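Worksheet: one structure, shown below.
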Amino acid sequence: MIKTLLGSVASQFLLVVVSGISVGVAQEPPPDEKTTSLGKQYTGIVRIENASIVPDFATPWNAGLPRGGSGTGFLIGENLFMTNAHVVSDSNRVIIKKVGDSEPLLARILHIAHDCDLAVLELEDSSKFADVEPLEIGDEIPKLDTAVKVVGYPIGGERISVTRGVVSRIDFLAYSHSAVDYHLTVQIDAAINPGNSGGPVIQDGKVAGVAFQGYSGDVAQSTGYMIPAPVMHRFLKDIEDGKYDHYVDLAVSDFPILNPALRRALGLPNDGQGTMIGSVNADGSADGKLQIGDVLLEIDGYPIASNGSIDMRGEKVNMAEIVERKFAGEIIKLKVWRDKKPIDVEIELKRFLPYLISARQYEQRPEYVMYAGLVFQPLDRNMMSALKLTNIEVRRYFGLFVADELYKELPEVVVLTTVLPDAINTHLGGYAGGVVESINGKKILTLNDVMPALENEADKDFTVIELQGQGRPLVLDKARVPGAQVRIMSKYGVREDHYVE
């Protein structure tokens, strides 16, 4: 669930690819696994080692950069292990190690959900876990001021570490793995240490959550976060049909109605109920159903407070939690205040793809087209992070793609990211970093339009490229392109002149 109303909380988080949780209390040594029932529970908790290949969006034709890291996972069913998505992202090889056993066991990723930072793995040979009892996932969100136990493998250790913490807050916060997704989150008075990510947070003998992220630097001390059971259950239900379908979204923003005069002007009683719609994204679930200025009074029968919260099982949670638990095609029922009277609105939920321009992407080979040293790529967060483009048009599209509904005019923004210097493109380096408007007279709406446009025979002698905000076109001699392609690919190690899904 992605919420546009909330600010960029994700910038306050540091994603620790191999992270975990510890607390400022004495660490309790694990009991002997062979002699206690609690120890038997630990046998289902595993160390995960991941060798990954991180795509290089600055030179998209390259294979990528090798990296490695470790985390924690735990058995949830027959040959099914849960962990964080960020522990096994961009994976090239995954190894699982059993408690007290250093033998590396090859594993593979069955399902991975980057929007909620969860993944499920299986072993190629699970015989060593044939008699291991899976950990049971609880159903409830832990109550405030209740104790939890965090189990995992902090960095530098091959043995399990067990620490304790207390639930200090339940909130709807950014998940730093994707940088744009907001979900239910439980805060623990515990710091994050590398290696514990993906490990279970246990309460009353059941898994209450998965340790996954924390603050960095001087922002906060002894503060950790876990993914609570409702998010885990939703992920597991989603993959029951063999594929992951992602979260759905209302694709609206809202703000509290606290001013008494505004409430009187709207005809609302001053009862602290209702939050106002500030925007409705075109092509989103609520497009044509909700309007700017509507006041949401109830969601699936739950009264909505002015701050957008609802009371669910005695806990105040964001109303988005109702949407969180639904799947594509399901209906959400709203009571809406419009024109000084209540009306009922039903909305069929779906995924809202334009948000993904701001999301970190994984397991994704960079797409590009290289033509006479000109490199064209689609605009997204990965590319912006790698190239740090400063062009005003590029930054406008990236920052306002959803807010100003720029996706309606350009479903995919194509950028001339780089000019690989060669005799054919002399003096054209200044064009790098611009948004492509047209090639040979054909408007470019997605990267898939680039290759056909370059091959267009509208002008047999020249290739003409127009960039937004440029007063003059970029022109290349077509007759020289074939020779230049061979020369440039050899000089810069470009294996393929394009990759477009």
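Go through region 127-144 and give me each residue that's of a type outside the set (Gly, Ala, Ser) and under 30 Å from residue 104 (Cβ atoms).
Correct list: 128, 129, 131, 132, 133, 134, 135, 136, 137.
So, in region 252-272, how many residues would count as being closer than 30 Å to residue 407 by Cβ and assigned to a loop (DSSP other than H, G, I, E, B)?
Number satisfying all stated conditions: 1.
Only residues that are under 19 Å from the mean Cα position of the chain (by Cα) and part of a loop (DSSP other than H, G, I, E, B): list them for region 186-200, please.
Hits for region 186-200 are 197, 198.
Being at pLDDT 95 or above, over 31 Å from the mean Cα position of the chain (by Cα) and not charged (D, E, K, R), is that true of even one residue in region 427-437?
no
Assuming residue 120 fulfils every condition listed in (1) under 18 Å from residue 199 (Cβ atoms); (2) at pLDDT below 95 apart from one, which condition is it?
For residue 120, the exception is condition (2).
Those residues that are buried (at least 24 other Cβ atoms within 10 Å of the Cβ) and either modelled with pLDDT of 90 or more or of a type in the set (Lys, Arg) (or both), I need them from region 183-196; list them, please.
Result: 183, 184, 186, 188.
Somewhere in region 150-163, is a residue at pLDDT 90 or above and either surrounded by fewer than 18 Cβ atoms within 10 Å (Cβ to Cβ) or part of a loop (DSSP other than H, G, I, E, B) (or both)?
Checked against the condition, which is being at pLDDT 90 or above and either surrounded by fewer than 18 Cβ atoms within 10 Å (Cβ to Cβ) or part of a loop (DSSP other than H, G, I, E, B) (or both), region 150-163 yields no hits at all.
Condition check: touching a helix residue (DSSP H, G or I) at 6+ places or on another chain (Cβ under 9 Å) and either surrounded by 18 or more Cβ atoms within 10 Å (Cβ to Cβ) or within 30 Å of residue 480 (Cα to Cα) (or both). Does residue 400 satisfy that?
no
Could you check, for region 172-185, whether at least one of its residues is more than 15 Å from residue 224 (Cβ to Cβ), part of a loop (DSSP other than H, G, I, E, B) and more than 20 Å from the chain's Cα centre (by Cα)?
No, the conditions are met nowhere in region 172-185.
When you look at residue 94, is it modelled with pLDDT of 95 or more, crowded, with 18+ Cβ neighbours inside 10 Å and either assigned by TED's automatic domain parsing to the domain that holds residue 123 or on the phi > 0 side of the Ramachandran plot (or both), yes or no?
yes
Restricting to region 52-62, name every residue that is of a type in the set (Gly, Ala, Ser) and over 27 Å from residue 123 (Cβ atoms).
Hit for region 52-62 is 58, nothing else.
Any residue in region 420-441 that is touching a helix residue (DSSP H, G or I) at 6+ places or on another chain (Cβ under 7 Å), free of Cβ contacts under 8 Å to residues at least 24 places away in the same chain, surrounded by fewer than 13 Cβ atoms within 10 Å (Cβ to Cβ) and not in a loop (DSSP other than H, G, I, E, B)?
Scanning region 420-441, I find no residue that is touching a helix residue (DSSP H, G or I) at 6+ places or on another chain (Cβ under 7 Å), free of Cβ contacts under 8 Å to residues at least 24 places away in the same chain, surrounded by fewer than 13 Cβ atoms within 10 Å (Cβ to Cβ) and not in a loop (DSSP other than H, G, I, E, B), so the answer is no.
Matching residues to (1) assigned to a strand (DSSP E or B); (2) touching a Leu at 6+ places or on another chain (Cβ under 8 Å); (3) not hydrophobic (A, V, I, L, M, F, W, C):
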residue: 345; (1), (2), (3): yes, yes, no
residue: 355; (1), (2), (3): no, no, yes
residue: 375; (1), (2), (3): yes, yes, no
residue: 411; (1), (2), (3): no, yes, yes
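Using the structure shown, decide if residue 501 is in contact with a helix residue (DSSP H, G or I) (Cβ under 7 Å, 6 or more places away or on another chain) and part of a loop (DSSP other than H, G, I, E, B).
no
Limited to region 451-472, what total is found for residues that are free of Cβ contacts under 8 Å to residues at least 24 places away in the same chain, closer than 19 Å to residue 433 by Cβ and in contact with a helix residue (DSSP H, G or I) (Cβ under 9 Å, 6 or more places away or on another chain)?
Of the residues in that region, 0 qualify.
For residues in region 478-497 being touching a Ser or Thr at 6+ places or on another chain (Cβ under 9 Å) and not in a helix (DSSP H, G or I), which is surrounded by the fewest Cβ atoms within 10 Å (Cβ to Cβ)?
493
Filter the strands (runs of 3 or more DSSP E) completely within region 29-142 down to those with at least 2 residues that are within 17 Å of residue 154 (Cα to Cα) and within 20 Å of the chain's Cα centre (by Cα).
Filter on region 29-142 gives 65-77.
Consider region 332-355. How many of its residues are under 28 Å from the mean Cα position of the chain (by Cα) and free of Cβ contacts under 8 Å to residues at least 60 places away in the same chain?
The total comes to 4.
Let me confirm something: among 372, 282, 286, 305, which residue is more than 19 Å from the chain's Cα centre (by Cα) and free of Cβ contacts under 8 Å to residues at least 40 places away in the same chain?
305
The values are calculated or read from the model by the stated rules, or taken from the named source; none is laboratory data. Owing to the predicted nature of the structure, the values given are computational and were not obtained by experimental measurement. In this analysis, Cβ positions are derived from the backbone assuming ideal geometry, glycine residues included, and neighbour counts consider all displayed protein chains.
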